[in-house]
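> Let me give you the structure first, and then I'll get to my questions.
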Amino acid sequence: MTELATPPRTRREFRNINAFTDLTTYRLPPAGLVSILHRVSGALMFLLLPFVIWMFDTSVSSEYSYARFTAAFNSGIGFVPGWFLKLVALSLIWAYLHHFIAGLRHLWMDVSHAAVSKEFGHSSAIATLALSILLTLVLGAKLFGFY
């Protein structure tokens with residue numbers, strides 16, 4: 001009895017990623033980048049919550065505290081310069097915008113069955129990144145006094 005000799009199919013090799021050699025050449029898809037940045041922006045907003053509470057409390061307490069609040073962003077507080085406070089506020093602006101837009105993207109994918117495709121995931125991830133960066137640049141220009 002002779003059997004047909006079929007060559008065995010070669011299977012793809014899946015291996016672990018080495019952090020030192022493979023991470024420099026590994027290309028993360030835009031949807032993966034948006035997912036990681038969604039987590040980073042949420043953590044950033046959580047960690048900077050005391051700063052947000054301080055900003056809100058100082059800005060609405062009285063006219064004197066509001067003047068102190070605006071002076072903090074112009075001249076700084078103690079050893080912290082004003083431009084650094086503006087950068088922290090800009091990072092909060094980016095975190096909020098990115099988290100909000102990525103959250104809307106996730107909600108849309110949960111609601112719409114047509115949105116669950118590789119093409120939509122790719123295009124919506126690029127739109128999320130572009131919108132969050134563009135809006136951050138616009139609001140950052142306002143924060144730093146360019147207009």
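> Being closer than 16 Å to SER41 by Cβ, part of a helix (DSSP H, G or I) and without any contact (Cβ under 8 Å) to a residue 24 or more places away in the chain narrows it down to one of LEU104, LEU97, so name that one.
Answer to the check: LEU104.
> Considering each residue of region 41-64, count those that are touching a residue at least 12 places away in the same chain (Cβ under 8 Å), closer than 15 Å to HIS99 by Cα and either part of a helix (DSSP H, G or I) or more than 15 Å from the chain's Cα centre (by Cα) (or both), and give that number. Full working, then the answer.
The first filter runs over region 41-64 and keeps only residues touching a residue at least 12 places away in the same chain (Cβ under 8 Å), leaving 41-42, 44-45, 48, 51-52, 55, 58.
Imposing the further condition that a residue be closer than 15 Å to HIS99 by Cα reduces the set to 41-42, 44-45, 48.
The next check asks that each one be either part of a helix (DSSP H, G or I) or more than 15 Å from the chain's Cα centre (by Cα) (or both); those that pass are 41-42, 44-45.
Of the residues in that region, 4 qualify.
> Find the residue count for region 122-147, including only residues that are in contact with a Lys or Arg (Cβ under 9 Å, 6 or more places away or on another chain) and either under 17 Å from PRO30 (Cα atoms) or aliphatic (A, V, I, L, M) (or both). Let's see the steps before the verdict.
Here is the first cut: in region 122-147, the ones in contact with a Lys or Arg (Cβ under 9 Å, 6 or more places away or on another chain) are 124-125, 127-128, 140, 143-144.
Right, trim to either under 17 Å from PRO30 (Cα atoms) or aliphatic (A, V, I, L, M) (or both) and you get 124-125, 127-128, 143.
Summing the residues that are in contact with a Lys or Arg (Cβ under 9 Å, 6 or more places away or on another chain) and either under 17 Å from PRO30 (Cα atoms) or aliphatic (A, V, I, L, M) (or both) in region 122-147 gives 5.
> Determine if region 112-128 includes at least one residue that is modelled with pLDDT of 90 or more, surrounded by 14 or more Cβ atoms within 10 Å (Cβ to Cβ) and touching a His at 6+ places or on another chain (Cβ under 9 Å).
Among the residues of region 112-128, at least one is modelled with pLDDT of 90 or more, surrounded by 14 or more Cβ atoms within 10 Å (Cβ to Cβ) and touching a His at 6+ places or on another chain (Cβ under 9 Å), which makes the answer yes.
> Being in contact (Cβ under 8 Å) with a residue 12 or more places away in the chain and in a helix (DSSP H, G or I) is the requirement here; does ALA67 meet it?
No.
The values are calculated or read from the model by the stated rules, or taken from the named source; none is laboratory data. Keep in mind that this is a model prediction, so the values were computed, not measured. Here Cβ is always computed from backbone atoms with ideal geometry, including for glycine, and neighbour counts include all displayed protein chains.
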